[in-house]
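Enquirer: Structure incoming, see below.
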Amino acid sequence: MKSLVLIKQVPNSDSPFRINSAGTWVDEGNLTFGLNEYDRYALEEVLRLKDAGKVAEVVALTVGPERAATALRTALATGADRAIHVQDPALAGADPLAVARAIAAAIKDEGFALVAAGLQADDDNHGQTGALVARLIDRPCATAVLKLDLLDGGTLRVERELENNQLQVVDLKLPAVITVQTGINEPRYASLKGIMAAKKKEIRTVALKDLGIDPATVQASMARFRTVGLAPPPKGKGAEMIQGAADQVAKDLVRRIREKTGVL
């Protein structure tokens, strides 16, 4: 059984965060980067299945610029067997759907029984890519997984985290997609032996044209999703708690946003 882990390279939390001159994103000039924390847990969970003899091959995949290859090297050093790097200038600043479409095309002929991803990314917190991939490749999906067990007969039993600290147990027929919550395990670190072995493992780099995707169509799709502006939280008074019934609070909140920002 082959398994895929979707990973992302994100800025480290101790990096100096400053808004770029256009006011649309963080200035990446002084940032350091590492593997997304949520993805570490997803990778560890799949590696444990491999340790138990339930997964034969673990593949790591990322969509990102050239520097994102270091995140793949981290995954390989930790225990993944090979990696796929979807790298294309047209994907710079891509929205979750564009990323998911690239992933779906990259794995079309791989036949992965299990696709795992972190619940969300530390940088944008979209939390949509895993579920979108599942929809595009027509696989059942469970999000916010806190426990999983691979049963006989190709069934994956997962325990999902819901609101108000409630849990839900779901059985998924493989092939399937899951997104993993933090705290599900204790992620391992790469050993010196693993780091040395990673240098000999394959990283296959593919562009959109290699996947049969026209970069122009990706850019056109991304035009519907853009960051208008980004700013640090203003200094001033503390948070204001809006009291009342949920429907009234929602109406009051929408009114305040409309008055202060001119949107909605």
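The values are calculated or read from the model by the stated rules, or taken from the named source; none is laboratory data. The shown structure was predicted, so the numbers you read here are calculated from the model rather than taken from an experiment. Glycine also receives a Cβ, built like all others from the backbone with ideal geometry; neighbour counts cover every protein chain displayed. Side chains included, ligands, DNA and RNA excluded: accessible areas come from the protein's heavy atoms. Shrake-Rupley method; radii C 1.70, N 1.55, O 1.52, S 1.80 Å.
Enquirer: Which whole-angstrom value gives the distance between the alpha carbon centres of the range 87-157 and the range 177-215?
Expert: The range 87-157 and the range 177-215 have Cα centres separated by 13 Å.
Enquirer: Highest mean first, how do 251-257, 157-163, 92-98 rank when packing is the count of other Cβ atoms within 10 Å averaged over residues? Numbers along the way, then the final one.
Expert: Numbers: 251-257: 12.0, 157-163: 14.6, 92-98: 17.6.
The densest-packed peptide leads the list: 92-98, 157-163, 251-257.
Enquirer: Roll a 1.4 Å probe over the protein chains and send me the accessible area per residue for the chain in Å².
Expert: Details: 15000 Å² over 264 residues.
The answer is 57 Å² per residue.
Enquirer: Whole-Hz ³J(HN,Hα) for each residue in the range 87-97, computed from phi via Karplus 6.51 cos²θ - 1.76 cosθ + 1.60 with θ = phi - 60°, x for glycine and proline: what do you get?
Expert: Those phi angles translate into 10, 7, x, 5, 8, 4, x, 5, 7, x, 5 Hz.
Enquirer: Round to a whole number: what % of the accessible area of the chain belongs to carbon and sulfur, probe 1.4 Å? The partial results should precede the final answer.
Expert: Numbers: 7700 of 15000 Å².
Reported share for carbon and sulfur atoms: 51 percent.
Enquirer: Looking at the range 103-220 only, what percent of DSSP beta bridges run antiparallel? Nearest 5 please. Display every interim value, and only then the final one.
Expert: Numbers: 13 of 21 bridges.
Around 60 percent antiparallel, to the nearest 5.
Enquirer: Using the Cα centre as the reference, give the magnitude of the dipole from point charges on the C-beta atoms of the range 1-152 (Lys, Arg: +1; Asp, Glu: -1; all else neutral), rounded to the nearest 20 debye.
Expert: Working: 15 positive and 21 negative charges, 51 e Å.
Dipole size: approximately 240 debye.
Enquirer: Volume per residue, Å³, of the convex hull around the alpha-carbon atoms of the chain? Mind showing how you got there, number by number?
Expert: Working: hull volume 44.6 nm³, N = 264.
Normalising the Cα hull of the chain by residue number yields 169 Å³.
Enquirer: As a check on your grasp of the helix formula, calculate [θ] at 222 nm for the chain: sum -39500 (n - 2.57) over DSSP H runs of n ≥ 4, divide by the residue count, round to the nearest 500. Mind dumping the intermediate values first?
Expert: Working: 7 runs with 75 residues, N = 264.
Rounded to the nearest 500, the figure is -8500 deg cm²/dmol.
Enquirer: Determine the gain in length on full extension of the stretch D171-A92; use 0.36 nm per residue of separation and subtract their C-alpha separation, reporting nm with one decimal. Could you put the intermediate results ahead of the total?
Expert: Details: separation 79, 0.36 × 79 = 28.44 nm, distance 3.64 nm.
Taking D171 through A92 to full extension adds about 24.8 nm, to one decimal.
Enquirer: Additional query: Distances over 22 Å make up what percent of all Cα-Cα pairs in the range 89-175?
Expert: Numbers: 1216 of 3741 pairs.
Of all Cα-Cα distances in the range 89-175, 33 percent exceed 22 Å.
Enquirer: A follow-up question, please. Assign unit charges at the C-beta atoms only (+1 for Lys and Arg, -1 for Asp and Glu), then state the dipole size of the chain relative to its Cα centre in Debye, rounded to the nearest 20. Display every interim value, and only then the final one.
Expert: On the way: 34 positive and 33 negative charges, 58 e Å.
Using only the charged Cβ atoms, the result is roughly 280 debye.
Enquirer: To the nearest 0.05, what FRET efficiency results for A56 and L162 with a Förster distance of 35 Å applied to their C-beta separation?
Expert: Working: r = 33 Å, r/R0 = 0.93.
Plugging the Cβ-Cβ distance into 1/(1 + (r/R0)^6) gives 0.60.
Enquirer: Amide H to amide H under 5 Å from R204: which residues, 5+ apart in sequence or cross-chain, H placed 1.01 Å off N in plane?
Expert: Distant-sequence amide H within range of R204: A83, I84, H85.
Enquirer: In this model, which of K50/K193; K2/K108; K54/K200; K50/K200; K2/K201; K147/K201 are farther than 22 Å apart at the alpha-carbon?
Expert: Numbers: K50/K193 18 Å; K2/K108 13 Å; K54/K200 24 Å; K50/K200 20 Å; K2/K201 16 Å; K147/K201 29 Å.
The pairs that break the limit, which is 22 Å between Cα atoms, are K54/K200; K147/K201.
Enquirer: Which whole-angstrom value gives the distance between the alpha carbon centres of the range 45-82 and the range 241-264?
Expert: 44 Å
Enquirer: On a 0 to 90° scale, report how tilted helix 69-78 is relative to the longest principal axis of the chain, with both axes built from alpha carbons and the result rounded to the nearest 10.
Expert: Between the helix axis and the principal axis of the chain, the angle is about 50 degrees.
Enquirer: Now for a different question. Taking +1 at the Cβ of each Lys and Arg and -1 at the Cβ of each Asp and Glu, which of H85, V133, N30 sits farthest along the dipole of the chain towards its positive end, judged by Cα position relative to the Cα centre?
Expert: Final value for the positive-end residue is N30.
Enquirer: Report, to two decimal places, the Cα Rg of the range 16-127 normalised by 2.2 N^0.38 Å (N = number of residues).
Expert: On the way: Rg = 15.1 Å, N = 112, 2.2 N^0.38 = 13.2 Å.
In units of the 2.2 N^0.38 Å rule of thumb, it is 1.15.
Enquirer: Which order do the peptides 146-154, 29-37 come out in when sorted by mean C-beta neighbours inside 10 angstrom, highest first?
Expert: Final packing ranking: 29-37, 146-154.
Enquirer: Now for a separate question. Find how much the distance from T261 to E240 grows on full extension, using 0.36 nm per residue of separation minus their present alpha carbon separation; answer in nm with one decimal. Mind dumping the intermediate values first?
Expert: On the way: separation 21, 0.36 × 21 = 7.56 nm, distance 1.70 nm.
Separation in residues times 0.36 nm, less the Cα-Cα distance, equals 5.9 nm.
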